[in-house]
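Visitor: One structure, pasted below without further comment.
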């Protein structure tokens with residue numbers, strides 16, 4: 001049995017008639033599904049705190065840690081990674097110094113406060129800071145400023161680059177996390193206005209720390225292109241700041257990096273502001289990304305969570321590898337992907353080095369939290385760190401850092 005050409009045309013026309021409405025319905029259904037699910041995590045948090053519900057002051061440290069983990073792995077992995085970029089350095093030892101700093105911060109930011117990796121990372125930072133603080137090279141206000149810059153930068157990147165803003169509940173969690181971390185790092189909060197009376201909740205603490213940091217930065221940030229770092233492991237200058245060859249590519253990259261800095265920091269680091277054309281291009285890219293994530297992308301599922309650091313050590317060395325491309329591949333395990341991925345090829349085209357270059361020079365076997373840091377300090381401070389870890393282990397499971405003030409006020 002055969003079909004005439006006219007019958008075939010009729011079938012095609014009938015299929016075309018139904019295909020467009022069907023595709024339109026599927027697209028609409030998908031967009032509605034994205035809208036239904038995209039804000040579910042944020043809405044769930046808001047439903048637990050607020051008027052007629054739990055006060056923000058009752059949020060526990062563990063709840064704050066869970067919220068931070070959700071934000072950095074599922075909601076805003078780009079922002080959490082981006083907020084660490086200002087920690088890259090420009091000195092001769094900047095490559096390793098920057099990576100060591102970033103690793104320690106990624107460890108404390110991604111691990112539970114009661115975990116051994118969090119405590120070892122904090123203990124290592126404290127040891128590395130000790131000599132700077134004793135020598136007067138890091139003052140309390142300097143350390144509080146660099147510490148507060150992490151909060152300022154995270155708030156700024158989410159507000160300007162991400163598909164939605166942080167809620168007050170999420171900012172409260174960030175405040176609780178940083179208050180606990182600052183206490184563990186023995187950072188004094190005496191310069192903050194509410195240090196004597198106390199803070200109402202994590203949101204109050206985070207906003208006060210951020211506001212103080214911005215004011216301090218405006219007062220002290222001056223153009224000093226050749227200054228030596230006095231922030232120890234917290235040196236915050238971009239890697240490309242003193243690149244020896246001022247090619248068009250590196251100049252453009254410098255401008256792209258500077259676009260992510262505020263005016264005070266850009267002036268302090270003597271970096272060029274992006275011109276109007278580059279500014280427009282970057283704004284269009286950012287707006288397109290925000291629109292696509294908000295309206296076209298389903299929420300990131302748990303099995304695709306972005307990890308700031310590897311959960312498991314290298315099975316051959318027992319150490320942890322760092323799987324992020326830098327111009328110097330510190331702690332990066334040599335593999336086909338780490339060497340030949342598009343990003344790895346791009347970094348090498350700008351003068352970066354491939355993982356495994358120079359044998360063990362860049363420690364491809366991984367890093368050890370007990371010894372990470374400047375070469376003169378490798379293997380030092382183990383006894384001091386052991387005491388710090390034992391002290392943090394003995395403090396017990398933390399509760400609500402700000403609930404005591406609320407109870408006192410009620411009395």
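Every number here is computed from the coordinates shown, using simple stated rules; none is lab data. Treat the numbers as computed from the prediction; the structure is a model and nothing was measured. So basically every Cβ, Gly included, is an ideal-geometry build from the backbone, and we count neighbours across all protein chains shown.
Visitor: Shape of the stretch 294-407 from its Cα gyration tensor (a ≥ b ≥ c, root eigenvalues): rounded if a/c is under 1.5, otherwise prolate when a/b > b/c, or oblate?
Guide: Oblate, because a/c is 1.5 or more while a/b does not exceed b/c.
Visitor: Just rank 80, 147, fewest to most, by other beta-carbon atoms within 10 angstrom.
Guide: Taking fewest neighbouring Cβ atoms as first place, the list is 147, 80.
Visitor: Go through 53-66, 367-380 and give me the packing order, highest mean Cβ count within 10 Å leading.
Guide: 53-66, 367-380
Visitor: Could you sort 129-140, 293-304, 174-185 so that the peptide with the highest average Cβ count within 10 Å comes first and the rest follow in order?
Guide: Peptide ranking by packing, descending: 174-185, 129-140, 293-304.
Visitor: If I model a spin label as a point 7 Å beyond the Cα along the Cα-Cβ vector, how far apart are those points for residue 382 and residue 219 in nm?
Guide: About 4.3 nm separates the two model spin labels.
Visitor: Let me ask something else about it. For a protection proxy built on the mean count of beta-carbon atoms within 10 angstrom, sort 309-320, 331-342 highest first, please.
Guide: 331-342, 309-320
Visitor: Students often get this wrong: which residues of the stretch 69-83 have the backbone nitrogen under 18 Å from the point 7 angstrom along Cα-to-C-beta of residue 116?
Guide: none
Visitor: Still on this structure, please answer the following. At 0.36 nm per residue, and after removing the present C-alpha to C-alpha distance, how many nm does the segment from residue 54 to residue 298 gain when stretched out fully?
Guide: Working it through step by step, the gained length comes to 84.9 nm.
Visitor: Which of 195, 167 comes first, and how do the rest follow, when ranked by fewest Cβ neighbours within 10 Å?
Guide: 195, 167
Visitor: Counting other beta carbons within 10 Å of each residue's own, what order do 395, 113 fall into, fewest first?
Guide: Fewest to most other Cβ atoms nearby, the residues stand as 395, 113.
Visitor: If you don't mind, another one. At what distance in nm do the modelled label points of residue 36 and residue 336 sit from each other, each positioned 7 Å from its Cα along Cα→Cβ?
Guide: The two pseudo-label positions are separated by 4.1 nm.
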